[in-house]
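Written out below as structure tokens is the structure these notes cover.
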Amino acid sequence: MKFAYADPPYFGCGKLYADRHPDALAWDKPETHQALIDRLSAEFDGWALSTGSVQLRTILPMCPDNCHIGAWVKPFCNFKPNVGFAYAWEPVIFRGGRKITRDQDSVRDWVSANITLKRGLVGAKPRDFCLWLFQCLNIFPTDEFVDLFPGSNAVGAAWAEWCDDQSRLPQLPLMAAATN
């Protein structure tokens with residue numbers, strides 16, 4: 001199966017990345033997000049898309065009806081002066097993925113993981129967030145996984161760790177010994 005994770009500049013936040021990427025301001029346009037969602041839906045068996053709580057009102061109506069929302073809850077986050085709300089959670093929109101079987105543990109629709117610090121890029125995702133993402137989509141190490149916005153490469157490093165854990169490989173039924 002083929003899976004993707006997308007963590008673009010959140011709608012209206014392109015200016016935070018303008019010094020790092022020439023197309024960052026394009027993400028301040030709703031049609032750029034719509035094109036991304038259309039691509040995810042056309043090319044992948046399952047995907048996840050991070051967005052901000054303020055942006056959710058704009059982004060969610062662009063998504064297919066069979067999406068669901070998870071939450072990354074941040075027990076440690078940045079508290080900013082003169083900002084009434086501390087942005088201590090982020091929505092993650094999921095679509096598709098592999099069905100979780102009765103033999104697998106259920107996965108919560110939220111994860112609690114601290115923000116990352118000093119990763120060189122605003123919004124770098126923590127390891128525990130990434131592992132939760134892979135669980136939610138029920139991705140096997142033998143699947144294809146694409147991080148569409150690699151940024152700090154935190155998701156790629158977590159994917160490599162996920163793939164190195166052989167216990168995550170699908171358990172195939174044992175073949176009966178051939179008899180003569």
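Laboratory data are not the source of any read-out in this text; all were calculated from the coordinates shown. Only a predicted model underlies this, so the values are computations on that prediction, with no experimental measurement involved. Glycine gets a Cβ as well: all are built from the backbone with ideal geometry, and neighbour counts include every protein chain shown.
Assuming 0.36 nm per residue, please report the length gained on full extension of the stretch residue 25 to residue 144 beyond their Cα-Cα distance.
39.9 nm
Sequence gap at least 6, Cα distance under 8 Å: using those rules, report the relative contact order of region 1-150 to the nearest whole percent.
Across region 1-150, relative contact order equals 29 percent.
For the chain, what is the mean residue ellipticity at 222 nm derived from helices alone (per DSSP H run of n ≥ 4: -39500 (n - 2.57); sum divided by total residues; nearest 500 deg cm²/dmol)?
-6500 deg cm²/dmol
With labels modelled as points extended 7 Å from the Cα through the Cβ direction, what inter-label distance (nm, one decimal) is found for residue 35 paired with residue 73?
3.8
In nm, what is the difference between 0.36 nm times the number of residues separating residue 100 and residue 1 and their Cα-Cα distance?
Here the segment from residue 100 to residue 1 would lengthen by 34.2 nm.
Excluding same-chain pairs closer than 8 in sequence, count the lysine pairs in region 2-168 whose Cα atoms lie under 22 Å apart.
Lysine pairs, 8 or more places apart or on different chains, close enough: 10.
Counting other Cβ atoms within 10 Å of each Cβ, which trypsin sites (Lys or Arg not before Pro) in region 35-129 have at most 16 and sit in a DSSP loop?
Within region 35-129, the qualifying trypsin sites (Lys or Arg not before Pro) (loop, at most 16 other Cβ atoms within 10 Å) are 98, 99, 102, 108, 118, 119.
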